[in-house]
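One structure is given below, encoded as structure tokens.
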Amino acid sequence: MTSIPTVTLNDGTWFPELGFGTYNLTGDEGVDATAGAIAAGYRLLDTAVNYENEAVIGEAVRRSNVDRDDLLVATKLPGRDHGYDETIASARGSLERLGLDRIDLYLIHWPNPSIDKYLDSWRAMIRLRDEGLVRSIGVSNFTEAMLTRLIGETGVTPAVNQVEMHPYFPQAALRAYHAERGIRTESWSPLARRSELLAERVVGDIAVAHGVTPTQAVLRWHVQLGSTPIPKSAHAGRQRENADVFGFRLTDAEVTALSDLERGRLWDGDPDTHEEM
Ligand SMILES: NC(=O)C1=CN([C@@H]2O[C@H](COP(=O)(O)OP(=O)(O)OC[C@H]3O[C@@H](n4cnc5c(N)ncnc54)[C@H](OP(=O)(O)O)[C@@H]3O)[C@@H](O)[C@H]2O)C=CC1
Ligand SMILES: O=C(O)C(=O)[C@@H](O)[C@H](O)C(=O)CO
């Protein structure tokens, strides 16, 4: 089993340097896959109302032999539940589906700026945190401008911003902004959903140089840039492979060579225009 190192968030809680994505893991197979990931050493499980698998993740947590306090379950508020009262009700629904008495990390899934209710949701999340139903609060897919507004209006800085990040979209400017404010970056689709990234020659060359797989080279790049990647895999062998990235170190030149693959977002998910309900 891999022991995944942790960092401390701006609210004083611990947070793994690598977690487990669960999009598309559903049903009994999803429970088995997630329970397997916990057994392999993953401690951060990333779900969302919109993945329709919160019950699956909760079941995997209960089935595991790992102490509840040693696991972090993250879920996300969907766009259709933005607003103060709606957010409180949505969190209660998530807790019920998860079958847990606490959400460890609660994120606003997408800002949906045309609806302009994320500030109301954020105020409700502050209350949920103060009442102990939620341990840490954060956001997902927020831009610098949205973060500045959120912090300016409420005085509470998100612990985490989960955003699209992989070597094709390294997010240098946003990461620098996060670093100045103590916001932890979390990378979604850290493998670029496999795509052609893993077949890039530079990725292969770096992997060979370290005796690791292309996937491991890419995940190590995230770790060294100070972002927590949350790779998803339904397969036990790949889950182990993806978690096993703490026994080697890329050179600065290798990190730069991977970042030089930059070409932009892969799925048109610009938070200023892309909205999800
Ligand atoms: N906040 C947000 O808006 C978003 C959040 N997310 C979160 O981020 C997580 C990860 O992103 P996701 O989009 O799933 O994409 P990933 O970049 O994690 O890629 C997942 C794909 O890569 C394959 N894969 C995983 N490991 C390996 C390996 N070692 N070798 C070869 N192929 C591999 C998986 O296949 P297989 O399962 O068959 O191994 C799957 O097809 C999501 O599951 C979700 O939790 C994702 C998108 C948006
Ligand atoms: O997986 C998620 O969390 C999402 O928000 C997805 O809907 C993601 O945005 C996507 O699949 C875009 O094509």
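The values are calculated or read from the model by the stated rules, or taken from the named source; none is laboratory data. Since this is a predicted model, take the numbers as computed values, not measurements. Counting neighbours? That spans all protein chains shown, and the Cβs are built from the backbone with ideal geometry, glycine included. Just the protein is used for accessible areas: all its heavy atoms, side chains included, with ligands, DNA and RNA removed. Shrake-Rupley method; radii C 1.70, N 1.55, O 1.52, S 1.80 Å.
Restricting segment 200-236 to residues that are closer than 22 Å to Tyr177 by Cα and part of a loop (DSSP other than H, G, I, E, B), the residue that is nearest to ligand 1 (Cβ to nearest atom) is Ile230.
For the structure I just gave you, tell me whether Arg135 is in a strand (DSSP E or B), away from ligand 1 (no atom under 16 Å from the Cβ) and under 24 Å from Asp69 (Cβ atoms). The answer is yes for Arg135. Among the conditions (1) free of Cβ contacts under 8 Å to residues at least 60 places away in the same chain; (2) farther than 21 Å from Phe246 by Cβ; (3) out of contact with any His (no Cβ under 7 Å at 6 or more places or on another chain); (4) not β-branched (Val, Ile, Thr), the only one that Asp70 does not satisfy is (2). Being within 14 Å of ligand 1 (Cβ to nearest atom), over 17 Å from the mean Cα position of the chain (by Cα) and open to solvent by 10 Å² or more (accessible area, probe 1.4 Å) is a property that Ser189 lacks. All conditions but one from (1) surrounded by 19 or more Cβ atoms within 10 Å (Cβ to Cβ); (2) polar (S, T, N, Q); (3) part of a loop (DSSP other than H, G, I, E, B) apply to Ser121; the one that does not is (3). Exactly one residue among Leu18, Leu105 is closer than 24 Å to Ala243 by Cβ, hydrophobic (A, V, I, L, M, F, W, C), touching a residue at least 12 places away in the same chain (Cβ under 8 Å) and in a loop (DSSP other than H, G, I, E, B), and that residue is Leu18.
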